[in-house]
Amino acid sequence: MAYLRSILRSGKNAVPAVLRREFHRTLPAAVQQVTVRDAIKEALDEELERDERVFLLGEEVALFEGAYKVTRGLWKKYGDKRIIDTPITEIGFTGIAVGAAMAGLRPVVEYMSFNFSMQSVDHIINSAAKTYYMSGGLQPVSIVFRGPNGAAPGVAAQHAQCFAAWYGHVPGLKVVSPWSAEDAKGLLKSAIRDDNPVVFLENEIMYSVPFEMSEESQSKDFLIPIGKAKIERKGNHVTLVSHSHVVSRCMDAAAVLAKDGIECEVINLRTIRPMDMEAIETSVMKTKHLITVEGGWPQFGVGGEILARIMEGPGFSYLNAPAVRVTGVDIPMPYAKHLEENTLPQIKDIVFSVKKTLNV
Amino acid sequence: MRKMLTIISNVLRGSASRNGARLVVSARTYADFTPQASFDIKNCDVHKLEEGPPLQAVLTREEGLQYYRTMQTIRRMELKADQLYKQKIIRGFCHLYDGQEACAVGIEAGIKRSDHLITAYRAHGYTYTRGGTVREIMAELTGRRGGIAKGKGGSMHMYTKHFYGGNGIVGAQVPLGAGVALACKYLGKNELCVCLYGDGAANQGQIFETYNMASLWKLPCIFICENNQYGMGTSVERAAASTDYYKRGDFIPGLRVDGMDVLCVREATKFAAEHCKSGKGPILMELLTYRYHGHSMSDPGVSYRTREEIQEVRSKSDPITLLKDRMLSNNMVSVEELKEIDVEVRKEIEDAAQFATTDPEPPLEELCNHIFYNEPPMKVRGISPWIKLKSVS
């Protein structure tokens, strides 16, 4: 069963796989299979309906139905006023969105890729993140910046950078990185309802992956709190902490290691900032071994931050081995398939690191 | 009777002199002062417009006194800030507005308090015209708890209702302002947003991106370029391939306005506001103005321009003197009355400065507050792992 789940999560679209293999068992009627893409769209749709002040803007979000079809159908339903196609002018439309937020609206800005958000970084940081503080509490900025972040197959260096560490660095921002469909839906709804600037890092690889959505998650008020991690898999021997699409790799690796009797505890961070260190520390105190796994670059990355905090916190004295990071290779992303594959953590890399850490 | 008097006064006016109407007879007088007068104002160069603002402005005694008082308050406040900066009581950046008062006051006179405004870092004057008190402004400059931003922002980050600062990044305020205008249109409130920027910022790419979107979406936005001839130490000829800033909006209609004449600025602003609110979309105004101080307090302001130039502007085009002369020569006010206002303004500034220097700084316990809005209290990492700080919304 775990193996089947892992096929689903690693991106091969095998929706009916569960049904085919165990045909004598049917899914409970309330549980649905929903792709991450559709979960995001549901969240947007529900929040647009709920609050008049919410509106979407970005390139191709309206007529084209989204570069990755995330916003399909929304323009037909809500019209020009609430779903706005922008020209290709990131710094301009980000500034406009932040200004609209200052004046009381609740914009959701889509970046076709977070790589393009680099043009707008000044507005995200200087106009959005810092304003509530600089104004002594006079001027809040309720805004969400969302879009695909990090690796995507074959897009090469300028379109594959992970920005989790960049945005995670900044006080005044909340940074969210969902993995599953439930994560995406619950966290995006929370982000839109949050009165502060939230950077919502999706991932293109995950868009088409279906997940089971519980009955609870289908409610229009289903929210996942920002700042709380989730334990996707319980284990006693080693803690794997990850976020976004790499969680799938960790789950796959955990399945492989389980055959050797090594039980991994896989923590899905869900939020980069504020990070749920408590969940990580509790786990480390139990397993006594820690490996962080991410797709981003190693220097000054998410893993680096986790390890530093473990050093400074109660978890350190429980470690039986140095905590290590598994990251993307410290290079711009290459194009050729074989090179690209070897630039991101694979199942074998995680398995190898676990065995090294556990000295087996 | 009134109509006849107006006709008579029009005839008597003769050649258009800057100080306007020679004679206006009023039917009712109060303390022998002229209750209102009509003044000729400079013609505005226009771009993609059939006509510009009117060539005459009517000024009532009340308006005149109010504009005078406001401009004088801004002037004195900025000079006091200069003093406090030299005494090292104000630190960091301090960009002074003296010389440009007619812009802030004229614009405010042309819009409603319910309209919106955003500007860059030379913002003390606008913070005042948009409702901040001199006390709160000065206390913010000195970084005290009574400051308008509780001492957390400083010179460049002051906010009031419908005033979005005070922005430190050159040009960033322009798309922000267009965003405010988008919100005005979205919410259907018939309000507009005035987006100010300087001649230095006018070359910024994001401003052109904003012109495009504001025009495409017909946002109720008045873009205003305060051209004080110098972007920091670089004169306009050395920075811009085209110094016709009112034309730089290309497809956006524009006007070039005498920014030293508060009436000219007011009439142009009213004209622009009318354009915006009638749904025609954005409009651009260039205000020709001048700053007496250097770019900021660390700039003496004479390495890139001559003292003679500064003196000449002071003696020939000072906005406060211009208004004063007009009012006096039309018997709208007496010298004593203006002197009285000066004394009151001086006192207000002194009191504010006193407050700004004696009010305590914000308490250390509040260091981490106001990171997030509407959020339960949270922990903040301190300087070392043992220091645990708290942040409250």
Using the Kirkwood radius over Cα pairs of segment A:33-218, the Stokes-Einstein translational diffusion coefficient at 37 °C and 0.692 mPa s, in µm²/s and rounded to a whole number, is 202
One computes Rg over Rh for chain A from alpha-carbon atoms, with the Kirkwood Rh, and obtains 0.96
Taking Cα pairs closer than 8 Å and at least 6 residues apart, the relative contact order of chain B in percent is 20
Of B:K150, B:K316, B:K80, the most mobile residue in a GNM of chain B (C-alpha springs, cutoff 10 Å) is B:K316
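Segment B:265-309: which trypsin sites (Lys or Arg not before Pro) are DSSP loop and have at most 16 other beta-carbon atoms within 10 angstrom? Can you show the working numbers first?
Details: sites: B:R266, B:K270, B:K277, B:K280, B:R291, B:R305, B:R307; in loops: B:R291, B:R305.
Listed in order of number, the matching sites are B:R305.
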per DSSP, antiparallel bridges as share of beta bridges in chain A, % nearest 5, sits at 20
Rounded to whole angstrom, the alpha-carbon centroid of segment A:61-101 lies from that of segment A:281-319 at a distance of 38
By Cβ neighbour count within 10 Å, fewest first, A:L57, A:L339, A:L74 rank A:L339, A:L74, A:L57
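I need the fraction of alpha carbon pairs in segment B:286-393 separated by more than 20 Å, rounded to a whole percent. Intermediate results must be reported in sequence, preceding the final value.
Details: 4091 of 5778 pairs.
Percent of Cα pairs beyond 20 Å in segment B:286-393: 71.
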Mean other chain Cβ within 10 Å across B:150-156 is 3
With label points set 7 Å from each Cα along the Cα-to-Cβ direction at B:T306 and B:K189, the distance between them in nm comes to 5.0
In this structure, the FRET efficiency calculated for A:H169 and A:F316 from their beta-carbon separation, with R0 = 25 Å, to the nearest 0.05, is 0.65
Along principal axes, largest first, the alpha-carbon spread of chain B in whole Å comes out as 82, 50, 45
Taking B:C103, B:C264 and counting other beta carbon atoms within 10 angstrom, the fewest-first order is B:C264, B:C103
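Order these by the 10 Å Cβ neighbour count, fewest first: B:I74, B:I320, A:I88.
On the way: B:I74 29, B:I320 21, A:I88 12.
Fewest-to-most ranking of B:I74, B:I320, A:I88: A:I88, B:I320, B:I74.
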So, relative contact order of chain A in percent, Cα under 8 Å, 6 or more apart, is 16
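Using a Förster distance of 22 Å, how high is the FRET efficiency between B:K339 and B:R314, based on the Cβ-Cβ distance and rounded to 0.05? Don't skip to the answer; put the middle values down first.
Details: r = 20 Å, r/R0 = 0.90.
Calculated transfer efficiency: 0.65.
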Residue span B:Q354 to B:T234: 0.36 nm per residue of separation minus Cα-Cα distance leaves a gain in nm of 39.6 nm
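Can you pull the mean other chain C-beta count within 10 Å for peptide B:201-207?
Values: counts 0, 0, 0, 1, 4, 12, 2.
Counting other chains' Cβ atoms within 10 Å and averaging over B:201-207 gives 3.
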Note: A:185-197 gets an average of partner chain Cβ contacts (10 Å, Cβ to Cβ) equal to 1
When chain B is treated as a Gaussian network with springs between alpha carbons less than 10 Å apart, the largest mean-square fluctuation among B:N369, B:N43, B:N330 is found at B:N369
As a percent rounded to 5, the proportion of antiparallel DSSP bridges among beta bridges in chain B is 45
The rounded separation in angstrom of the Cα centers of segment B:60-74 and segment A:180-205 is 51
Residue span B:Q83 to B:S329: 0.36 nm per residue of separation minus Cα-Cα distance leaves a gain in nm of 85.2 nm
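What's the local net charge at A:N236, with K and R +1, D and E -1, over the other residues with C-beta under 13 Å away? Can you show the working numbers first?
Working: positive: A:R233, A:K234, A:K286, A:K288; negative: A:E263, A:E265.
Computed value for this residue: +2.
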If unit charges are put on Cβ atoms (+1 for Lys and Arg, -1 for Asp and Glu) and the dipole of segment B:43-362 is taken about its Cα centre, the option from B:P54, B:G165, B:P282 lying farthest towards the positive end turns out to be B:G165
Bounding extents of the protein assembly as shown in its principal axis frame from Cα atoms, largest first in Å, are 104, 54, 44
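Count charges around A:V109 for me, please; just the other residues with Cβ under 12 Å from its Cβ, Lys/Arg as +1, Asp/Glu as -1.
Values: positive: A:R106, A:R146; negative: A:E59, A:E90, A:E110.
Local charge sum for A:V109: -1.
For chain A, what does -39500 (n - 2.57) per DSSP helix run (n ≥ 4), summed and divided by total residues, give at 222 nm, in deg cm²/dmol to the nearest 500? It would help to have the intermediate numbers written out before the result.
Numbers: 13 runs with 120 residues, N = 360.
So the helix-based figure for chain A works out to -9500 deg cm²/dmol.
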Residue separation between B:D299 and B:L49 times 0.36 nm, minus their alpha-carbon distance, gives in nm 86.1 nm
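Could you order peptides A:151-162, A:211-222 by the average number of other Cβ atoms within 10 Å of their residues, highest first?
Put in order of decreasing packing, that is A:151-162, A:211-222.
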Toy charge model, Lys and Arg Cβ at +1, Asp and Glu Cβ at -1: segment B:43-362 dipole around Cα centroid in debye, rounded to 20, equals 840
A student applying the Cα gyration tensor rule (rounded when a/c is under 1.5; otherwise prolate if a/b is larger than b/c, oblate if not) would label segment B:200-349 oblate
Connecting every pair of Cα atoms under 10 Å apart in chain B and solving the GNM, the largest mean-square fluctuation among B:L364, B:L49, B:L187 falls on B:L364
Scattering profile of segment A:250-296 from the Debye formula, Cα beads only, expressed as log10 I(q)/I(0) at q = 0.17, 0.19 Å⁻¹, is -0.56, -0.69
Expressed as a whole-number percentage, the relative contact order of segment A:257-360 with C-alpha contacts under 8 angstrom and at least six residues apart is 27
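Per DSSP H run of at least 4 residues, take -39500 (n - 2.57); add these up for chain B, divide by its residues and hand me the 222 nm value, nearest 500 deg cm²/dmol.
Values: 12 runs with 152 residues, N = 393.
Per the formula, -12000 deg cm²/dmol.
What value in Å³ per residue do you get for the convex hull of the alpha-carbon atoms in segment A:230-358? Walk me through the numbers before you get to the answer.
Details: hull volume 12.7 nm³, N = 129.
Expressed per residue, the convex hull around the Cα atoms of segment A:230-358 is 98 Å³.
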At the level of C-alpha centres, the distance separating segment A:121-176 and segment B:194-265, in angstrom, is 29
Placing each pseudo-label 7 Å from Cα in the direction of the beta carbon, A:D80 and A:S214 end up separated by a distance in nanometres of 4.4
In segment A:230-358 the DSSP beta bridges are antiparallel at a rate, in percent to nearest 5, of 20
Rounded to the nearest 0.05, FRET efficiency between B:S384 and A:I231 (Cβ-Cβ, R0 22 Å) equals 0.15
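Just so you know, all these numbers are worked out from the coordinates, no wet-lab data involved. Keep in mind it's a predicted model, so treat the numbers as computed, not measured. FYI the Cβ positions are ideal-geometry reconstructions off the backbone, even for glycines, and counts take in every protein chain you see.
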